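The values are calculated or read from the model by the stated rules, or taken from the named source; none is laboratory data. In this text, all values refer to a predicted model and were calculated from it rather than measured experimentally. Positions of Cβ are generated from backbone atoms using ideal geometry, with glycine treated the same way; all protein chains shown enter the neighbour counts.
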Amino acid sequence: MAQVPSAAELRKFLANAPGKMRTTEISRAFNLRPDQRGELRDVIRSLKAEGTVAPAGRRSVEAPLHKRQTLPDMCMVEVFGTDTEGDPLARPVGWQGEGQAPLVYMRPEQRGQPALAPGDRVLARIRPIGGGKYEGRTFKRIEARDNAKILGVVEGGLLIPTDRRNKSTWSIAQGAAAEGEIILAEPIASPGRHFGPRPVRVVEVLGQLGQAKSVSLICIHAHGIPVDFDPEAVAQAEKARGVRISKSREDLRPIPLITIDGEDARDFDDAVYAEPLEDGWKVMVAIADVAHYVTPGSALDRDARRRGNSVYFPDRVVPMLPEQLSNGWCSLRPNEDRGCLFVEMEFDKSGTKRRHRFGRGLMRSAARLTYEQAQEAQDAGTDPAGLAPGHIARLYGAFQALLADRLRRGTLDLDIPERKVVLNDKGEVSSVRPRARLDSHRLIEEFMVAANVCAAEELERLSQPCMYRVHDRPSDQKLEGLRQFLAQFDISLPQGDRLLPKNLAHALTKVKGEPHERLTHEVMLRSQSQAAYEPDNIGHFGLALARYAHFTSPIRRYADLLVHRALIRGLKLGKDGITEAEATTMPDTGEHITLTERRAALAERDAVDRYLAAFMAGRQGEVFPARISGVTRFGMFVTVEETGASGLVPFSALPDDRWEEDGTGMALVGKRTGMRFSLGDEVEVALREANALTGSLQFQLRPSGGHRGKPGARAGKPFKTGRRRPGKA
């Protein structure tokens with residue numbers, strides 16, 4: 001009997017359809033009975049609501065937006081902020097294509113209608129205005145959703161939004177809130193044309209600005225990160241107990257597995273061991289047995305899936321699992337018995353894998369080391385207390401073999417500097433320092449990659465469903481931009497269908513030690529597709545692997561938990577394996593956890609930006625060496641070398657000229673003088689403004705001692721929005 005297609009199946013069908021499709025045509029394509037059309041309409045209605053299909057007439061729908069070359073004449077958009085003149089800016093809902101969603105400049109509302117606010121969703125008539133941008137007019141307002149709420153801080157009786165893109169202020173018309181409090185509010189009706197701040201009603205008071213953890217609190221609510229666990233899930237976690245040896249669980253306690261993690265880590269979900277063979281290495285990777293505690297369909301499982309992953313802020317962690325599990329029974333603490341899933345791998349001396357074996361075990365970690373401790377022991381040729389002589393050296397010996405295999409594959413290894421925000425006891429930034437990249441980090445990375453590859457291979461061998469970690473090659477458009485960028489250094493790339501990761505790695509070796517090395521790494525990173533979770537395998541381009549799945553972090557990633565369950569079912573290691581219901585909904589789950597992962601990354605980056613803005617707030621007027629890191633229609637972004645903080649240099653802070661983006665999107669060109677500011681250029685900037693509330697920084701280009709632009713470059717074509725000229729100094 002034919003089944004009503006899932007949301008993912010219907011998206012895929014419409015993406016391959018020649019044009020708009022009526023409900024009856026979709027029904028016939030899936031061989032549905034008349035009594036199933038109501039359920040089909042419900043699926044279509046949900047896709048319309050989330051914006052992943054576009055309405056096309058009264059009873060038809062069209063393919064998802066990212067499958068179109070241009071936006072349709074009418075589509076749903078969501079307002080996210082305002083421009084410098086206060087007009088709303090929006091993006092199409094449900095964008096999943098390459099790069100950022102197209103920008104839509106919304107026209108002011110008709111007389112008597114309230115202005116559009118961030119979070120408002122409307123069905124808009126769209127017309128292109130050039131440069132991949134659009135102008136929109138409201139056709140129909142869509143019912144407001146929870147994300148229409150405004151997060152802000154009370155200042156002088158007004159609500160000041162924490163979102164830097166929202167330039168509006170709001171008056172508190174209903175509810176009470178004290179000065180400096182962080183609140184959630186929602187707009188209320190404002191009959192007729194409204195002048196001045198629009199009124200809002202206080203929904204919830206979240207805390208006080210300036211208190212410890214107030215920054216992460218803002219980011220959690222701004223990005224919709226789930227915090228509270230279902231009481232039933234907490235109760236299940238509190239009842240958890242240790243595991244015992246059984247027919248399906250091997251005793252690994254005699255093996256001196258150790259954990260190597262960051263200094264501030266509390267959830268130790270992987271342990272490693274290596275020993276030499278006559279002609280190679282045996283490596284064991286043991287992973288916390290989360291599947292034993294988080295069973296399919298349980299309250300713990302529902303909460304874990306909803307979160308998708310843990311979120312890490314400088315001052316707290318929002319875990320995927322309750323702390324009783326994430327820091328307790330599922331954490332591989334030293335000298336404590338813990339259940340695990342393990343993979344035992346054998347490699348030859350060159351790092352080529354010969355065989356592997358998965359199992360379920362009971363282990364006892366012999367030591368908990370930090371990355372720094374492991375590296376210090378290796379450099380000194382010693383071993384930490386409690387470990388046999390040569391223990392660390394054997395780990396590094398196996399690592400060198402695996403590293404040799406990686407180099408032969410020609411993987412893409414981008415060197416992008418990362419910085420760590422260090423807080424004091426009051427939750428204030430005490431320092432910002434570079435994150436060290438040690439061989440101990442790479443050792444764990446290589447062991448985990450090898451285990452992840454084995455997991456994907458094993459599930460394919462067992463004919464079990466697998467949630468692959470996929471990474472597609474760069475899109476043709478991004479690849480062409482990268483090719484043009486590299487051409488200025490006399491570096492060429494093969495055509496898209498013949499491009500391999502080793503070609504990009506070779507390009508990086510050619511710029512090693514050159515002034516433009518760092519810029520090349522950054523541009524190459526921007527050219528890459530985003531990794532995702534999918535049950536259909538397309539390989540992992542960046543790692544140069546035909547198959548890859550996340551197996552090694554089930555405490556903090558739901559994808560890994562699904563892989564564990566599939567292994568348990570396929571290897572008959574217990575009754576808590578993956579269910580048919582889970583396997584059927586894999587496409588939807590993959591989309592969901594891909595989105596939660598990206599949501600977490602945005603929230604984490606947002607928190608760091610706010611902390612850096614607070615750290616820089618007392619240094620207004622100071623001059624900093626910086627590099628140009630982005631160009632836009634309203635200025636350019638620079639990144640300060642000292643702290644990694646990024647901020648805007650608006651057109652008004654540049655030399656007097658008419659500034660436009662060039663054709664590549666990698667430079668600003670002065671229309672009159674031909675001066676050019678390109679990505680990666682070194683400049684000196686003075687800090688003009690630091691807003692800790694929104695995390696935004698604004699700089700002034702130094703007129704002397706700083707970059708003066710590259711004269712003589714030919715200006716590109718005028719940049720037009722269809723509404724106004726670009727800014728001038």
Discussion item. Return the residues of the stretch 265-285 that are closer than 13 Å to Phe342 by Cα and either part of a loop (DSSP other than H, G, I, E, B) or at pLDDT below 95 (or both); say none if nothing qualifies.
Written reply: Asp269
Response to the item:
Exactly one of Thr673, Thr694 is part of a loop (DSSP other than H, G, I, E, B), within 29 Å of the chain's Cα centre (by Cα), at pLDDT 85 or above and not acidic (Asp, Glu), and that residue is Thr694
Worksheet entry | All helices (runs of 4 or more DSSP H) inside the stretch 536-626 with 2 or more residues being under 30 Å from Gly647 (Cα atoms) and modelled with pLDDT under 95 | 586-616
Practice prompt. Kindly establish whether Ser704 is out of contact with any strand residue (DSSP E or B) (no Cβ under 8 Å at 6 or more places or on another chain) and either at pLDDT 90 or above or among the polar types (S, T, N, Q) (or both).
Written response: yes
Worksheet item: Pick from Arg473, Arg469: which is part of a strand (DSSP E or B) and surrounded by 15 or more Cβ atoms within 10 Å (Cβ to Cβ)?
Response: Arg469
Worksheet, complete the sentence: The condition from (1) part of a helix (DSSP H, G or I); (2) over 22 Å from the mean Cα position of the chain (by Cα); (3) of a type outside the set (Asp, Glu); (4) over 20 Å from Arg368 (Cβ atoms) that Leu325 misses is numbered (4)
Worksheet, complete the sentence: Of Ser350, Ser326, Ser365, the only residue that is among the polar types (S, T, N, Q) and within 30 Å of Gly427 (Cα to Cα) is Ser326
Discussion item. Between Val43, Val4, which is more than 25 Å from the chain's Cα centre (by Cα), at pLDDT 80 or above and under 15 Å from Gly94 (Cβ atoms)?
Written reply: Val43
Worksheet item: So which strands (runs of 3 or more DSSP E) stay within the stretch 159-251 end to end and still have 2 or more residues that are in contact with an Asp or Glu (Cβ under 9 Å, 6 or more places away or on another chain) and crowded, with 16+ Cβ neighbours inside 10 Å?
Response: 181-187, 198-208
Discussion item. Looking at the stretch 476-502 only, could you name the residues that are surrounded by 15 or more Cβ atoms within 10 Å (Cβ to Cβ), in contact with a Gly (Cβ under 9 Å, 6 or more places away or on another chain) and assigned to a helix (DSSP H, G or I)?
Written reply: Lys478, Leu479, Glu480, Gly481, Pro501, Lys502
Discussion item. Anything in the stretch 395-451 that is crowded, with 17+ Cβ neighbours inside 10 Å and β-branched (Val, Ile, Thr)? List them, or say none.
Written reply: Thr411, Val421, Val429, Val432, Ile444, Val449
Worksheet item: Filter the stretch 636-670 for residues that are in a strand (DSSP E or B) and among the aromatic types (Phe, Trp, Tyr); which is nearest to Ser431 (Cα to Cα)?
Response: Phe637
Discussion item. When the residues of the stretch 579-593 are narrowed to those that are of a type in the set (D, E, K, R) and touching a helix residue (DSSP H, G or I) at 6+ places or on another chain (Cβ under 9 Å), which ends up surrounded by the most Cβ atoms within 10 Å (Cβ to Cβ)?
Written reply: Glu582
Worksheet, complete the sentence: Inside the stretch 252-264, the number of residues satisfying the requirement of being assigned to a loop (DSSP other than H, G, I, E, B) and touching a residue at least 12 places away in the same chain (Cβ under 8 Å) is 7
